[in-house]
Amino acid sequence: MSASKFSNPVVRWIDHRLPIFSFLEHEANEYPTPKNLNYFWNFGSLAGISLVIMIVTGITLAMSYTAHVDYAFESVERIMRDVNHGWLLRYIHMNGASFFFIVVFVHIFRGLYYGSYKAPRELLWMLGVVILLLMMATAFMGYVLPWGQMSFWGATVITNLFSAIPFVGESIVTWLWGGFSVDNPTLNRFFALHYLMPFLIVGVVILHLVALHRFGSNNPLGIDTRGPQDTLPFHPYYTIKDFFGLSVFLTFLAAAVFFFPNFLGHPDNYIPANPMQTPAHIVPEWYFLPFYAILRAVPDKLGGVLAMFGAIAILFVLPWLDRSPVRSARFRPMFKIFFWILVIDCIVLGYVGAKPAEGMYLLVGRVATVWYFIHFLAILPLLSVIETPRPLPQSISTPVFGGGGGLAGAAAAPKEKV
Amino acid sequence: MAKSQSKTAADASVEHKSRRDFIVVATYAMGAVGAGAFVWPLVDQMNPAADTLALASIEVDVSKIAEGQSITIKWRGKPIFIRHRTSSEIEEASVVSQDDLRDPEGDEVRAQKPEYLVVLGVCTHLGCVPLGQKVGEVRGEYGGWFCPCHGSHYDSSGRIRKGPAPLNLEVPPYSFLSDQVIRIG
């Protein structure tokens with residue numbers, strides 16, 4: 001590393017002792033990025049920005065929130081009515097949570113489609129699953145804080161999941177509650193943890209980025225970059241693309257915040273918590289619905305809980321279930337079909353999760369649950385053996401400049417105008 | 001490749017230089033406006049909320065205060081001293097020469113009605129509450145209030161006479177709604 005990289009003598013002096021500028025130059029400026037990334041690669045940076053938006057609005061909300069069963073609901077209403085711009089901050093935080101999950105779900109399915117979980121990016125993928133788990137825990141506890149009816153009964157139902165654990169389940173639930181029901185101690189600790197966990201997420205995100213920068217981004221072709229002709233410096237090419245994606249994302253977020261702030265929420269949560277009465281039909285927030293459907297599909301308490309957690313746990317071992325050496329679904333005709341079936345399956349699970357657990361919904365939910373596990377446990381390992389992938393291009397540049405690869409014609413035409 | 005590309009792009013854009021500059025500057029400006037519009041609510045939420053501002057004025061019935069006695073009431077989270085002064089205290093406060101005062105201010109300016117002195121019970125040095133409200137408390141060398149923290153002496157008009165405080169005890173905005181009732185704030 002040469003010190004002459006920077007002309008500013010102050011920067012050079014600092015960088016010699018604390019190579020922060022070299023680090024940024026290397027990781028954010030010249031960082032070689034595959035030149036063929038499509039817009040699905042925007043969702044990583046969008047997730048990071050969502051996390052920042054959530055932390056910033058969350059800290060400001062915490063300044064006016066009271067974590068006590070007698071005051072929590074009223075303090076949230078006070079934020080909505082009396083605190084300067086409190087309504088705006090709360091609606092950004094509420095809808096921001098939903099948008100964060102939308103972005104992360106797209107990010108995950110992008111990884112599934114283009115095989116971003118395969119070697120050498122297994123740990124990168126697993127760290128992402130850890131982030132997802134932390135996000136779910138954070139979102140769940142955040143939803144409890146307004147202390148409405150859905151908060152209270154959501155907290156009751158979800159914490160009771162742990163009572164399914166044999167022998168120690170009841171003790172664990174009592175420990176989680178700090179009492180014999182969801183009450184003030186529960187609310188207090190949920191607030192403390194809800195404040196803590198986003199910073200844990202930040203820590204894991206940093207690890208996620210370190211792992212990412214080890215081998216760089218995957219790309220739509222799923223083949224490794226073979227040198228400078230396959231890459232672009234991250235700045236300005238991808239910073240400007242990320243900013244463009246961000247402006248589109250923020251437009252949608254602003255539309256939700258200003259015009260449909262409660263569209264994704266549940267009206268029952270504007271009723272103060274009442275430990276004496278459960279609402280007729282309780283549902284979790286939309287981003288938990290697929291998992292909720294899996295929970296209810298299994299007609300056994302412990303089995304349901306295991307299936308629900310198993311649905312996420314299975315993602316940890318995904319890199320070893322899908323043994324196909326080809327990453328991108330573009331070159332895997334059978335995988336591509338099953339990928340879209342899985343997408344539909346997850347949407348069906350989400351739909352069923354929002355409906356009462358009876359009749360047709362229960363049946364559909366069971367079929368969709370079974371399919372979810374068949375996809376990962378049977379189809380992916382099987383495809384690795386029986387599928388014949390299409391020929392891979394020589395390199396990322398090859399299809400662009402002609403000379404082989406099935407994509408040559410399609411991809412070259414628009415590029416030539418540049 | 002990236003380098004040569006951007007170079008030819010730059011050559012081609014020479015004649016449109018000003019237009020491109022305009023777009024770049026306009027984009028940065030919009031970004032700055034957007035960022036500012038997001039940051040301002042984050043900052044402003046720490047200012048007093050509407051319900052806090054609603055509590056910013058109170059009404060007090062002063063007819064119950066006997067001559068020579070004081071009451072302390074809470075206004076905006078701070079103590080307000082209301083003293084029903086004796087005629088000798090009023091006399092003392094009004095005869096003082098302005099030259100003897102660190103923060104010159106006439107007693108008639110400080111008290112709308114000479115019998116009732118209304119001041120903020122917060123020492124202008126570093127914010128302690130001065131003594132002198134209760135019977136038997138030290139009232140300092142000038143018969144008003146005495147701040148025990150760093151030894152500031154206030155006279156019967158609440159003016160600083162001795163010690164480190166720079167200014168007189170502040171007179172809050174108030175008005176007499178009737179002969180007996182004042183509204184502070």
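The values are calculated or read from the model by the stated rules, or taken from the named source; none is laboratory data. This one's a predicted model, so the numbers in the text were calculated from it and none came from an experiment. When we count neighbours, we look across all protein chains shown, and the Cβ atoms used for this are built from the backbone with ideal geometry, even at glycine.
Results, tabulated for the structure shown:
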read-out	value
Conditions (1) assigned to a helix (DSSP H, G or I); (2) among the hydrophobic types (A, V, I, L, M, F, W, C); (3) over 17 Å from the mean Cα position of the chain (by Cα); number of the one not met by A:PHE291	(3)
Every residue from the range A:351-390 that is buried (at least 19 other Cβ atoms within 10 Å of the Cβ) and of a type in the set (Gly, Ala, Ser)	A:GLY353, A:GLY365, A:ALA368
Residues that are at the interface with chain B (Cβ under 8 Å from one of its Cβ atoms), farther than 23 Å from A:VAL205 by Cβ and of a type in the set (S, T, N, Q), drawn from the range A:47-73	A:SER64
Scope the range A:234-261; condition free of Cβ contacts under 8 Å to residues at least 60 places away in the same chain and part of a loop (DSSP other than H, G, I, E, B); matching residues	A:PHE260
Enumeration of residues in the range A:166-191 that are within 27 Å of the chain's Cα centre (by Cα) and surrounded by fewer than 17 Cβ atoms within 10 Å (Cβ to Cβ)	A:ASN188, A:ARG189
Top-ranked residue of the range A:74-133 - restricted to ones that are under 30 Å from B:LEU53 (Cβ atoms) and under 15 Å from the mean Cα position of the chain (by Cα), ranked as farthest from the other protein chains (Cβ to nearest Cβ)	A:ASN95
Residues located in the range A:294-321, provided they are charged (D, E, K, R) and either under 28 Å from A:GLY115 (Cβ atoms) or in a helix (DSSP H, G or I) (or both)	A:ARG296, A:LYS301
Long-range neighbours under 8 Å by Cβ, at least six apart or interchain, first residue touching a residue at least 24 places away in the same chain (Cβ under 8 Å) within the range A:369-383, second exposed (fewer than 14 other Cβ atoms within 10 Å of the Cβ) and in a helix (DSSP H, G or I)	A:TRP371/A:ILE341; A:HIS375/A:ILE341
Residue match in the range A:47-62 (condition: closer than 30 Å to A:PHE338 by Cα and surrounded by fewer than 19 Cβ atoms within 10 Å (Cβ to Cβ))	yes
Failed criterion for A:VAL210 (all others in (1) more than 30 Å from B:MET30 (Cα to Cα); (2) away from every other protein chain (no Cβ under 14 Å); (3) not in a helix (DSSP H, G or I) hold)	(3)
Test: residue in the range B:104-126 that is farther than 17 Å from B:GLU170 by Cβ, in the same structural domain as B:PRO166 (by TED's automatic domain parsing) and surrounded by 18 or more Cβ atoms within 10 Å (Cβ to Cβ)	no
Index of the failed condition, B:TRP145 passing every other in (1) in contact (Cβ under 8 Å) with a residue 40 or more places away in the chain; (2) assigned to a loop (DSSP other than H, G, I, E, B)	(2)
Yes/no for A:GLU25 being acidic (Asp, Glu) and either under 30 Å from A:ASN95 (Cα atoms) or within 14 Å of chain B (Cβ to nearest Cβ) (or both)	no
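The rows are residues; the columns are (1) farther than 30 Å from A:ARG330 by Cβ; (2) not assigned by TED's automatic domain parsing to the domain that holds A:VAL204; (3) not aromatic (Phe, Trp, Tyr); (4) not in a loop (DSSP other than H, G, I, E, B).
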| position | (1), (2), (3), (4) |
| --- | --- |
| A:VAL69 | yes, no, yes, no |
| A:LEU112 | no, no, yes, yes |
| A:MET135 | no, no, yes, yes |
| A:THR138 | yes, no, yes, yes |
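Here's the yes/no breakdown for (1) closer than 16 Å to A:PRO290 by Cβ; (2) at pLDDT 95 or above; (3) touching a helix residue (DSSP H, G or I) at 6+ places or on another chain (Cβ under 7 Å):
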position	(1), (2), (3)
A:ILE341	yes, yes, no
A:ILE344	yes, yes, no
A:GLY350	yes, yes, yes
A:LYS355	yes, no, yes
A:GLU358	no, no, no
A:ALA368	yes, yes, yes
A:PHE376	yes, yes, yes
A:PRO381	no, yes, yes
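Residue-by-condition table, conditions (1) more than 14 Å from B:LEU117 (Cβ to Cβ); (2) exposed (fewer than 15 other Cβ atoms within 10 Å of the Cβ); (3) within 14 Å of chain A (Cβ to nearest Cβ); (4) more than 19 Å from the chain's Cα centre (by Cα):
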site: B:LEU53; (1), (2), (3), (4): yes, yes, yes, no
site: B:ALA56; (1), (2), (3), (4): yes, yes, yes, no
site: B:VAL62; (1), (2), (3), (4): no, no, no, yes
site: B:ILE65; (1), (2), (3), (4): no, no, no, yes
site: B:SER70; (1), (2), (3), (4): no, no, no, yes
site: B:LYS74; (1), (2), (3), (4): yes, yes, no, no
site: B:ILE80; (1), (2), (3), (4): no, no, no, no
site: B:ARG83; (1), (2), (3), (4): no, no, no, yes
site: B:SER88; (1), (2), (3), (4): no, yes, no, yes
